[in-house]
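First, the structure itself, so that you have it in front of you.
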Amino acid sequence: MQPLHITDFGVFLGKHSERLVVRRGKEVLSEHPLALIEQVLVTGRGVSFSSDLIEECCERGIPVTLLSPGGKPYARVAGMVLNATVRTRREQLAAYQDGRGAGIARAIAAGKVQNQGNLLRYFGKYSRKARPELHTLLTERAGRIVGLARELAALPEPTADALRPGLLNREGRAGALYWEGVAALLKGRVEFAGRTHQGADDPVNAALNYGYGILQSQVWSAASLAGLDAHGGFIHVDRPGRPSLVLDLMEEFRQPVVDRALLAAWGRGWKAEMETVGEEPELLLTREARREIAARIFERLDTATPHEGKKQTLRNVLQMQARRLAVAVRGEAEYAAYVSGW
């Protein structure tokens with residue numbers, strides 16, 4: 001099963017028999033067997049749906065996620081019958097106030113930072129002979145990042161609230177080192193002056209933001225299937241409408257999924273193009289660039305990687321981590337983050 005990515009402007013999504021049909025006016029652009037669709041991601045503007053299609057997707061457990069052209073998810077349609085237990089959600093909210101929440105926040109943050117160091121080591125090992133100065137820089141930055149991961153794992157505070165200041169301090173320092181390494185890795189290939197999270201007007205940051213938006217939609221689906229409340233996080237603070245738990249869980253997958261896929265693409269000479277669109281001019285990735293990024297992210301998610309003694313796709317690992325998080329909030333086991341190899 002694969003996600004269906006809709007980037008076209010002004011198309012209509014409907015249902016015919018056992019297929020999802022994409023039309024523009026009376027012209028049928030494509031047809032997709034519903035049995036083979038895992039989810040529907042819509043980033044095109046002016047897209048409309050039939051209620052029959054929405055009903056069928058809900059009955060089949062196919063979530064429909066709407067993202068802005070910049071990649072930010074802003075709506076999600078799913079069936080009213082969730083694979084959730086009341087106990088899991090009650091315990092998730094209660095865990096925020098005790099050691100369970102602190103343990104989860106600590107593990108996720110340390111896992112994310114470890115993955116940053118490991119990804120620099122991964123790309124650094126291929127530059128040992130061809131670019132020895134780059135290898136030295138990446139190795140040095142990775143070593144400092146891994147040291148911060150150890151500090152994170154050892155933070156003693158007993159609740160998520162008490163833990164947050166020390167956690168964010170070390171996470172921020174690790175992030176600065178990581179993006180310095182990424183800038184060195186990309187030098188001479190594409191322009192990258194530093195990380196911009198919102199309103200990015202350069203292709204590298206725009207591509208990263210779009211990739212993270214796609215990853216967020218995948219994590220949201222995994223969290224829902226595990227019975228978790230998407231909004232009850234442990235690291236990201238509460239805000240109306242913010243899926244804090246989803247943002248927490250996706251932290252440990254940013255580098256293994258999005259960054260690795262896109263850094264590899266830039267290393268092979270790929271460049272994302274941007275264009276100015278709209279009545280109020282806005283600089284956005286082209287449709288072709290968005291399709292390419294999505295394809296690379298989905299390919300990476302379907303890549304098998306060693307995990308717990310056997311090969312697992314990263315998509316399966318993500319679902320396993322969501323279930324592991326549900327177990328942890330119920331107090332049945334401690335949470336352990338996913339740490340990628342290098």
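List every residue whose amide H lies under 5 Å from the amide H of Ser68, counting only residues 5 or more places away in sequence or on a different chain, with H placed 1.01 Å from N in the peptide plane.
Tyr74
For Arg323, Arg315, what ranking results if the residue with the fewest other Cβ atoms within 10 Å of its Cβ goes first?
Arg323, Arg315
Run the numbers for Asp161 and Arg242: contour at 0.36 nm per residue of separation, minus the present Cα-Cα distance, in nm.
27.4 nm
Set the Förster distance to 51 Å, then compute FRET efficiency between Arg291 and Glu334 from the Cβ-Cβ distance, nearest 0.05.
Plugging the Cβ-Cβ distance into 1/(1 + (r/R0)^6) gives 0.80.
Same structure, new question: Could you pull out the trypsin sites (Lys or Arg not before Pro) across region 64-141 that fall in loop regions by DSSP (anything but H, G, I, E, B) with no more than 11 other Cβ atoms inside 10 Å?
Lys129
Could you work out the relative contact order of region 243-289, using alpha carbon pairs under 8 angstrom and six or more residues apart, expressed as a whole percent?
Once normalised by length, the contact order is 23 percent.
Give me Ser244, Ser48 ranked fewest to most by other Cβ atoms within 10 Å of their Cβ, as a rough exposure proxy.
So the residues, fewest neighbours to most, are Ser48, Ser244.
Determine the gain in length on full extension of the stretch Met320-Cys58; use 0.36 nm per residue of separation and subtract their C-alpha separation, reporting nm with one decimal.
Extra length available between Met320 and Cys58 comes to 92.0 nm.
Separation of region 32-48 and region 274-289 by C-alpha centroid, Å?
Cα centroid of region 32-48 versus Cα centroid of region 274-289: 21 Å apart.
Still on this structure: List residues of region 263-307, by number, whose backbone nitrogen lies under 16 Å from a label position 7 Å along Cα→C-beta of Val327.
In region 263-307, the label zone of Val327 (backbone N under 16 Å from the point 7 Å along Cα→Cβ) covers 307.
Next question, about the same structure. What aspartates and glutamates does Lys15 reach when the alpha-carbon gap must be under 20 Å and sequence neighbours fewer than 8 apart in one chain are set aside?
Glu27, Glu31, Glu38, Asp52, Glu55, Glu56, Glu59
Work out how much length Glu282 to Thr305 would gain on full extension: take 0.36 nm times their residue separation and subtract the Cα-Cα distance, in nm to one decimal.
Full extension from Glu282 to Thr305 adds 4.4 nm.
Let me ask something else. Once you keep just the Cα pairs under 8 angstrom separated by 6 or more residues, what percentage relative contact order results for region 1-72?
36
Any idea how far apart Ala94 and Thr136 come out in nm if each label point goes 7 Å out from Cα toward Cβ?
About 5.7 nm separates the two model spin labels.
If I take every Cα pair under 8 Å that is 6 or more residues apart in the chain, average their sequence separation and divide by the length, what percent do I get for the relative contact order?
Relative contact order, the chain: 18 percent.
Under a crude label model (7 Å from the Cα following the beta-carbon direction), how far is Glu273 from Val77 in nanometres?
About 3.2 nm, to one decimal.
Do the sum for the chain: with -39,500 (n - 2.57) for every DSSP H run of n ≥ 4, divided by all residues, what is the mean residue ellipticity at 222 nm, to the nearest 500 deg cm²/dmol?
-16000 deg cm²/dmol
While we're on this one: Measuring from the lowest to the highest alpha carbon on each principal axis, how far does the chain reach, largest first, in angstroms?
Sorted from largest, the Cα extents of the chain read 59, 52, 43 Å.
Just so you know, all these numbers are worked out from the coordinates, no wet-lab data involved. Since the structure is predicted, the reported quantities are computational estimates derived from the model, not experimental observations. Every residue, glycine among them, receives a Cβ derived from its backbone with ideal geometry; neighbour counts consider all protein chains shown.
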